[in-house]
Amino acid sequence: MNTFLSSSQEALKEQYEKYAAEEIQPAAKDLDSGKASLKEFLQKLGQTGFLGLTIAKEYGGASGSFLEQSLFVEAACEYEAGLGLAISAHVQVVELLKRYGDDRQKSRYLPLLARGEAIGAFCLNEENAGSDYSLIESVATTKQESPKLNGKKIWVVNGEIASLLVVAAKDEETGKLSLWLVDAGDSKSAKVSSGPKKLGLRSASADEIVFTEAPLAEGSRLEGDAIEQIEFALDTAKTILAMASIGMTNAAMKLAVEHARTRQQFGKNIGAFQGVQWKLADMSTDLAAARMLALRAAWAFNESPEEFRKCAAMAKLLSSKTARFQTGEAIQVMGATGIVEGSPAERFYRDAKMMEICQGTSELQKVIIADELKV
């Protein structure tokens, strides 16, 4: 793998960074506090083309690579990391449809997802089923003439704002797990409740959805092996969150460096002290290493799919750990300035810990990596 971006990718990266600075930065604090509408902001991203970067042009997208989608997330999360979590759920639905959807499903939904007219959500977790999705209790009743869905899903990212749900449920007739497409706008039997207030990534909703005799339209099943589909969706989200972690860590480092250059104590800038210099040197080194691994995972999505699962787990593990530790070190450099509630440094610190939990814990990533090593 060429570990450096091509000239066209570098140009796209600059374009994304410019957009993020002009459009996302001013809205970041209001998104985190809930004063700005996440749904409206995602719709705006869709209208601008940033939600359909990997969708084929025939469906209204840009026909770009997953790496290009990941670069946008990195740029966006330098200002608001919650967008990374929201986009990860949307991208899960997009990529599941692209890989496992039939022509009718793609034609119906991909143009809407590309334009942000539909926001996607992946409904997997339940009270007794998280990483162990064999314990899923939601049931799709397919024996009757009009199939129905019953069950309760928790921690559904984008649950309140999504119009297209991909729901994991067992087929009552076969007992096998399947993924089902549910049009949230048509389902009057899906009750959505706001999830608990989270430590970080507050702009992204994580909600509860209860399905009671919710109708399943004809042809709403994603055909194929559900376990393979779930693991693919999770690996996709892990890579997006790895790049989100890189974005926030880079932003925290910039804040720390600027503070070290300008904050004077004992007659000099604190950046002149070796203790501060070493923190910043470690920060820069760890960030560079984590970013290369995250880019590797994003590259593998298209170019080396046999490595994608392992690379996604490794990237999620290292980037989230780096984000959690180094955003804390950035605050340590900034001192009292970094602990002010609502400041960018404080938000990044809260958000970073979430990255070690969301879309699969760090411990689960180690299990996956060990499994890939055939231990």
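None of the figures in this text is laboratory data; all of them are computed from the coordinates on show. Here the structure is a predicted model, which means the values were calculated and not measured. Here the Cβ is made from the backbone with ideal geometry for all residues, glycine too, and neighbour counts use every protein chain on show.
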Between 178, 194, 163, find the one with the highest GNM mean-square fluctuation for the chain; connect C-alpha pairs within less than 10 Å. 194
In degrees, nearest 10, the alpha-carbon axis of helix 362-372 is tilted away from the dominant principal axis of the alpha carbons of the chain by 70 degrees
In the structure shown, do any of 254/279; 148/191; 57/153; 238/321 have a Cα-Cα gap over 22 Å, and if so which? 57/153
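What is the fewest-to-most order of 249, 262, 236 by other Cβ atoms lying within 10 Å of their Cβ?
Details: 249 31, 262 10, 236 26.
Arranged by neighbour count, lowest to highest, 249, 262, 236 become 262, 236, 249.
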So for segment 226-372, taking the charge dipole from beta-carbon charges (+1 Lys/Arg, -1 Asp/Glu), which of 348, 267, 338 sits furthest toward the positive end? 267
Select from 210, 252, 242 the residue farthest towards the positive end of the dipole of segment 184-271; place +1 on Cβ of Lys and Arg, -1 on Cβ of Asp and Glu, and compute about the Cα centre. 252
Would you mind checking the tilt of helix 226-262 against the longest principal axis of the Cα atoms of the chain, expressed as 0 to 90 degrees and rounded to 10? 20 degrees
Estimated vicinal HN-Hα couplings, Hz - segment 145-153 in sequence order (Karplus 6.51, -1.76, 1.60; Gly, Pro = x): 5, 10, x, 10, 10, 10, x, 10, 10
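Could you tell me what percent of the DSSP beta bridges with both partners in segment 85-198 are antiparallel, to the nearest 5?
Around 60 percent antiparallel, to the nearest 5.
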Tell me, what ³J(HN,Hα) does each residue in segment 288-295 have, in order and in whole Hz, if you take phi through Karplus 6.51 cos²θ - 1.76 cosθ + 1.60 with θ = phi - 60° and put x for Gly and Pro? 4, 5, 5, 5, 4, 6, 5, 5
Most fluctuating residue of 363, 23, 126 in a GNM of the chain with Cα springs under 10 Å: which is it? 363
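Mind putting a number on the dipole of the chain about its Cα centre? Charges go on the C-beta only, +1 for Lys and Arg and -1 for Asp and Glu, and I need it in Debye to the nearest 20. Write out the running numbers ahead of the final one.
On the way: 43 positive and 51 negative charges, 200 e Å.
My answer is approximately 960 debye.
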Residue 123's amide H: which non-local residues (gap 5+, or another chain) put their own amide H closer than 5 Å, with H modeled 1.01 Å from N in plane and none for Pro or chain starts? 166, 167, 168
Note to self, the chain gives a 222 nm [θ] from helices alone (DSSP H runs n ≥ 4, -39500 (n - 2.57) apiece, / all residues, nearest 500) of -17500 deg cm²/dmol
Highest mean first, what order results for 351-359, 70-78, 285-293 on Cβ atoms within 10 Å? 70-78, 351-359, 285-293
Once you put a point 7 Å from the Cα of residue 132 and another 7 Å from the Cα of residue 375, both along the Cβ direction, what distance in nm separates them? 2.0 nm
Against the longest principal axis of the chain, how steep is helix 7-19, in degrees 0 to 90 to the nearest 10, with axes from Cα atoms? 90 degrees
